Amino acid sequence: MLLREEKSNKTGSCYPTHKPACVDDPMQERFEHIRSVLGPFLQSTCGFRPPSVQWLPAVGPSGQNLVAPPTDAALKAWWGGSTLTQAIDEFKPRERLTGG
């Protein structure tokens with residue numbers, strides 16, 4: 001799963017994209033492959049700056065790394081970072097100008 005957090009203007013926006021359902025292994029090799037293919041696309045085509053993109057693995061059908069750290073041995077062996085909900089909780093709300 002990919003999570004995009006836009007840091008400009010102290011805003012937090014989440015754009016999750018999950019791996020295709022036909023891929024059922026949460027292995028690091030697959031994660032790095034997805035990252036290497038989508039990273040350049042997000043930067044060149046979509047205009048995202050690399051520092052504003054946070055990458056994290058998540059497996060929706062089994063709930064791995066969504067709200068709790070992974071329990072799957074293969075994923076747990078190499079991932080020790082944030083869960084999806086932890087990453088979302090770290091977003092900073094946008095400062096809004098008020099008054100006239």
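Observations, loosely collected:
- Listed from fewest to most Cβ neighbours within 10 Å, the set Thr45, Thr83 follows the order Thr45, Thr83.
- Projected label distance in nm at Trp55 and Thr71, using a 7 Å step from Cα toward the beta-carbon: 2.8
No lab work stands behind these numbers, since they all come straight from the coordinates. Keep in mind the model is a prediction, meaning the values are calculated, not measured. Note: ideal-geometry Cβ built from the backbone for every residue, glycine included; neighbour counts use all protein chains shown.
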